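The values are calculated or read from the model by the stated rules, or taken from the named source; none is laboratory data. Because the structure is predicted, anything quoted here is derived from the model rather than measured. Neighbour counts are summed over all protein chains in view; Cβ atoms, including those assigned to glycine, are modelled from backbone coordinates with ideal geometry. Remember, those area values only see protein heavy atoms, side chains included, never the ligands or the DNA or RNA. Shrake-Rupley method; radii C 1.70, N 1.55, O 1.52, S 1.80 Å.
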Amino acid sequence: MAPPPVAAVPQAPVAPIHTRPPLELLESLSSDPEYARWLQASGLVDRIAAAVAAVSEGHSPREPLSFLAPQGSFKVEERKTGTFISAASYARYDTVARVVSSLDVEATGRAYSALRPALSAAYAILAPPGARFDQALQRSIQTLLEVPVVRGDTEVVPRGAVWAYKDTSLEALTPAQKHLLRMGPKNVARVQEKLRALSDALDLKLARR
């Protein structure tokens, strides 16, 4: 019998995809070849705004960030002591973590300043009246920085047709946080390190732990 898939998570509304920023604003952020592929995605401004809106409310950003989807499927290892997430599942996200880690912080800050009006306009389509994009971005980064870096093996248990974390503190995380957690400890640490650097560059007021 095939193992159950990973639990489906609620999706947040997606802004209409129509805005494309000038590539010269973004090309200098990273020299990673995979990053250049990311820049070809349609409606990047709308996708970023929708992803931030989703994560800030605890939802998965899977739909707006569909172009970052890893290859392969979620895998587990059956052992005498239980069922554990396979290292191969984490490895699927190595490319995403590598590209995020490669982003130039200063260049990203300049691009954000230039694109803030467009991002705010795209976010306003999704957000309640008066909500601000920079506040949503701050909440998004904060919630992702609260994801624990789980060292060692992570046990899962079947729950209906899907896998759930045996550790109830992990299972209680939001869908957005579980999405990052699924990348594995090494990748979570790399992404969080860059998020801290970017939050400092953007002067976002985060709670330090």
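Summing +1 for each Lys or Arg and -1 for each Asp or Glu, what net charge is found among the other residues whose Cβ lies under 11 Å from the Cβ of Leu181? That sum, taken over residues with Cβ under 11 Å, equals -1.
The per residue volume of the convex hull around the alpha-carbon atoms of region 43-82 is 79 Å³. Ranking Val156, Val149 from most to least accessible surface, computed with a 1.4 Å probe over the protein chains only, gives Val149, Val156.
Accessible surface of Ile48, taken over heavy atoms with a 1.4 Å probe and every protein chain present, rounds to 80 Å².
When Asp46, Asp134, Asp167 are compared by accessible surface with a 1.4 Å probe, the order from highest to lowest is Asp167, Asp134, Asp46.
A DSSP coil position with no more than 13 other Cβ atoms inside 10 Å describes the following trypsin sites (Lys or Arg not before Pro) in region 96-162: Arg132, Arg151. Among Ala54, Val105, Phe74, whose Cα lies farthest out toward the positive end of the dipole of the chain, if unit charges sit on the beta carbon of Lys, Arg (+1) and Asp, Glu (-1)? Value: Phe74. Under 5 Å from the amide H of Val76 lie the amide H atoms of Ser86, each residue being 5 or more positions distant or on a separate chain, with H modelled from the backbone and absent for Pro and chain starts. Solvent-free Debye calculation, one equal scatterer per alpha-carbon of the chain: log10 I(q)/I(0) at 0.11, 0.14, 0.16 Å⁻¹ equals -0.54, -0.87, -1.12. Our coupling estimate for region 171-187, obtained by passing each phi through the Karplus curve with A = 6.51, B = -1.76, C = 1.60 and θ = phi - 60°, is 5, 7, 5, 6, x, 5, 5, 5, 4, 5, 4, 5, 6, x, x, 4, 6 Hz, Gly and Pro reported as x.
Evaluate Rg over Rh across region 119-199, taking Cα atoms for both radii and Kirkwood's formula for Rh. Across region 119-199, the Cα-based Rg/Rh ratio is 1.07.
For a straight C-alpha distance cut-off of 27 angstrom, the lysines reachable from Lys166 (same-chain residues fewer than eight places away being disregarded) are Lys75, Lys80, Lys178, Lys186.
For region 26-121, the fraction of C-alpha pairs farther apart than 21 angstrom is 45 percent.
Quick one: with all protein chains in place, what share of the accessible area of region 153-209 is carbon or sulfur, to the nearest percent (1.4 Å probe)? After summing per-atom areas, the C and S share lands at 52 percent. Using a probe of 1.4 Å, the accessible surface attributed to Ser101 totals some 40 Å² when neighbouring protein chains are kept in position. Using Cβ point charges alone (K and R +1, D and E -1), the dipole size of region 39-106 about the Cα centre works out to roughly 380 debye.
For Thr83, the residues whose modelled amide H falls within less than 5 Å of its own, excluding neighbours fewer than 5 places apart on the same chain, are Val156. Applying both filters, DSSP loop and at most 15 other Cβ atoms within 10 Å, to the GluC sites (Glu not before Pro) of region 115-202 gives Glu146.
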